[in-house]
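Please read the structure below before turning to the comments.
The values are calculated or read from the model by the stated rules, or taken from the named source; none is laboratory data. Just so it is clear, the structure is predicted and the values come from calculations on it, not from any experiment. FYI the Cβ positions are ideal-geometry reconstructions off the backbone, even for glycines, and counts take in every protein chain you see. For accessibility, only protein heavy atoms count, side chains too; no ligands or nucleic acids. Shrake-Rupley method; radii C 1.70, N 1.55, O 1.52, S 1.80 Å.
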Amino acid sequence: MRLFLGVMTPDAVDDALDAVLDAAVQFRAREAGADRWTPRSERHVTVRFLGETQDRAAVERGAALAAARSRAPRLLIGPHAVALTARVVALPVDGAQHLADAVDESLAEEGLPARDRPFTGHLTIARSRHRLHGAAAHEALAHGPLAVPWQPDALHVIASDPDSAARYRVLSTHPFAA
């Protein structure tokens, strides 16, 4: 099972994103190669990607422990969409580093492997089946500045199935400490 820990975006955040990333931006981005936009129901901030794992119970315990040790993070999405990699378009997300550190610590206590790269807070908004077209992608992604503050209620354990119609499925929800 492919698992990750993250926070799903609420309707208010999705509404703000949709207002800025309108049909015109999406059309231009598709022309530049960003051909798979993330549906509202699948928008999230990944706090830790685990990939294929058979130890769901350890992941669940680690998520519960991290959430119990953490207050809800104050996240800020924006200001501009960027090509995060050659195939991923994302919005930067500030404020999740403390949560990512708590998740790493809790998962390590459960015997799960350490993170294999530094944490980069982001919300993926589109993907490309092929490499994005450099300068054209940058121009196509131009939109008004965005600053969406947000405080999630809980950390989620999420299953990822890229071959399914519903790509992401929340398996469990762990509220943050009060």
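Residues in the stretch 11-28 near a label at E139, defined as backbone nitrogen under 20 Å from the 7 Å Cα→Cβ point? Zone members listed by number: 22-28. Derived scalar couplings between HN and Hα for the stretch 26-37 equal 4, 4, 4, 5, 4, 4, 8, x, 7, 9, 10, 7 Hz in order, rounded to whole Hz, by the Karplus curve 6.51 cos²θ - 1.76 cosθ + 1.60 (θ = phi - 60°), x for Gly and Pro.
Estimated from helical segments only, the mean residue ellipticity of the chain at 222 nm is -9000 deg cm²/dmol, where each DSSP H run of four or more residues counts as -39500 (n - 2.57). Ordering L123, Q97, H80 by the projection of their Cα atoms onto the charge dipole of the stretch 50-178, which places +1 on the Cβ of Lys and Arg and -1 on the Cβ of Asp and Glu, puts H80 at the extreme positive end.
Modelled this way, with points 7 Å down the Cα-to-C-beta line, the labels at R131 and T53 are 3.3 nm from one another. Based on the Stokes-Einstein relation at 10 °C and a viscosity of 1.306 mPa s, and on the Kirkwood radius from alpha carbon pairs, the stretch 81-178 is assigned a translational diffusion coefficient of 98 µm²/s. Helix 97-109 and the longest principal axis of the Cα set of the chain meet at an angle near 40°. Summarising the amide proton neighbourhood of S172: residues at separation of 5 or more, or on other chains, whose placed amide H is nearer than 5 Å comprise V157.
What the phi angles of the stretch 7-19 give under the Karplus curve with 6.51, -1.76 and 1.60, with θ = phi - 60°, is a coupling list of 10, 7, 7, x, 4, 4, 5, 4, 4, 5, 5, 4, 5 Hz, glycine and proline written as x.
So what is Rg over Rh here for the chain, counting just Cα atoms and using Kirkwood for Rh? Numbers along the way, then the final one.
Working: Rg = 16.3 Å, Rh = 16.7 Å.
My calculation of the ratio gives 0.97.
In order along the stretch 112-118, the phi-based Karplus estimate (6.51 cos²θ - 1.76 cosθ + 1.60, θ = phi - 60°) of 3J(HN,Hα) comes to 7, x, 6, 4, 9, 7, x Hz; Gly and Pro are listed as x. Which angle between 0 and 90 degrees, to the nearest 10, do you get for helix 56-69 versus the longest principal axis of the chain when only C-alpha atoms count? Approximately 90 degrees, to the nearest ten.
Ordering D35, D116 by how much accessible area each has at a 1.4 Å probe, largest first, what is the list?
Largest accessible area first, the residues go D116, D35.
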